[in-house]
Amino acid sequence: MVCCNTDIQEEAREIVQAIGSAPEYAIPLLQEMQRRRSYLPKDLVEAVSGETGIPVSTLFGVATFYSQFRFKPQGKYLIRVCHGTACHVTGADVISAVIAQELGIAEGDTTQDMLFSFEKVACLGCCALAPVVMIGGKIYAKLSGPKIKSVIKEYLMKESHHGKA
C-alpha cells in the first residue's frame with residue numbers, strides 16, 4: 001500500500017524494525033508511534049499498516065479502545081487533573097474550571113500555541129495531597145483556584161523567557 005511520503009515510510013520502517021510486525025505487536029507499535037509524535041497521525045498509522053500487514057482498521061480499532069491513545073497533537077505541557085474521589089470532594093471541579101478559563105480550552109483540548117493540553121484523569125494516586133494536578137510529570141498538591149492560576153502563570157512566564165532568549 002502506497003500511503004504517504006518517503007519520510008513517513010522510513011519512520012514506519014524504523015518503528016516496525018524496532019518493535020516487530022506480528023499482529024500481537026499492535027499495541028507496542030501504536031505506543032511507539034505515539035511516543036515519537038505525541039499522538040497517532042493517520043498517515044503514520046497507515047504506513048505502519050502497510051509495513052506490517054496489520055489492517056488499518058485493526059490498528060485504529062485497538063487505538064480507539066484504549067484511552068491511552070490520542071488522535072490529536074498534544075501540547076508541550078500535558079495538564080492532568082485528578083478527579084478521583086479524594087480530589088473530587090476537595091475541589092477538582094473548581095481546579096478544572098479554572099484551568100479551562102485560564103487557558104481558554106475545554107477538557108480534552110490543546111491551546112492554539114501548542115503549549116498546553118488539558119485532560120481529566122480518574123486517579124493520580126496522590127489522594128493524601130488532594131486536589132492534585134500533574135503537569136509534565138510534576139505533581140502540584142493541595143491546590144485551590146488561585147494556586148493553579150499561579151502555576152499556569154509560572155509556565156507561561158517560563159515560556160515567554162525562553163522565547164526571548
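Read-outs throughout are calculated quantities, based only on the coordinates presented, and are distinct from any laboratory measurement. These numbers were taken from a predicted model, which means no experiment stands behind them. Backbone-built Cβ (ideal geometry, glycine too); neighbour counts: all protein chains shown.
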By a straight-distance test (C-alpha under 19 Å), which aspartates and glutamates pair with LYS76 as possible cross-link partners, with residues fewer than eight away in the same chain excluded? GLU32, GLU102, GLU107, ASP109, ASP113, GLU119, GLU154, GLU159
Charges on Cβ only, +1 for Lys and Arg, -1 for Asp and Glu, centred on the Cα centroid of the range 45-165; of LEU103, SER150, MET114, which one is farthest towards the dipole's positive end? SER150
On a C-alpha basis, how far is the centre of the range 74-136 from the centre of the range 31-61 in Å? Whole number, if you could? 28 Å
Cα Rg, Dmax (largest Cα-Cα span) when computed across the chain, Å: 18.7, 53
Using DSSP to call loops (not H, G, I, E or B), can you name the chymotrypsin sites (Phe, Trp or Tyr not before Pro) in the range 41-129 whose Cβ has at most 11 other Cβ atoms within 10 angstrom? TYR66
About its Cα centre, what dipole magnitude does the range 6-65 give when the only charges are +1 on Lys and Arg Cβ and -1 on Asp and Glu Cβ, stated in debye to the nearest 20? 200 debye
If you build a Gaussian network model of the chain, linking Cα atoms that sit under 10 Å apart, which residue out of PRO41, PRO131, PRO146 swings the most? PRO146
Taking Cα atoms only, helix 145-164 is inclined relative to the longest principal axis of the chain by an angle, in degrees rounded to 10, of 60 degrees
What are the semi-axes of the equivalent ellipsoid for the range 6-65, taken as the square roots of 5 times the Cα gyration tensor eigenvalues, largest first, in whole Å? 14, 12, 11
Kindly work out what percent of the DSSP beta bridges joining two residues of the chain are antiparallel, to the nearest 5. 55 percent
Sites VAL89 and SER57, calculated FRET efficiency, Cβ-Cβ separation with R0 41 Å, nearest 0.05: 0.45
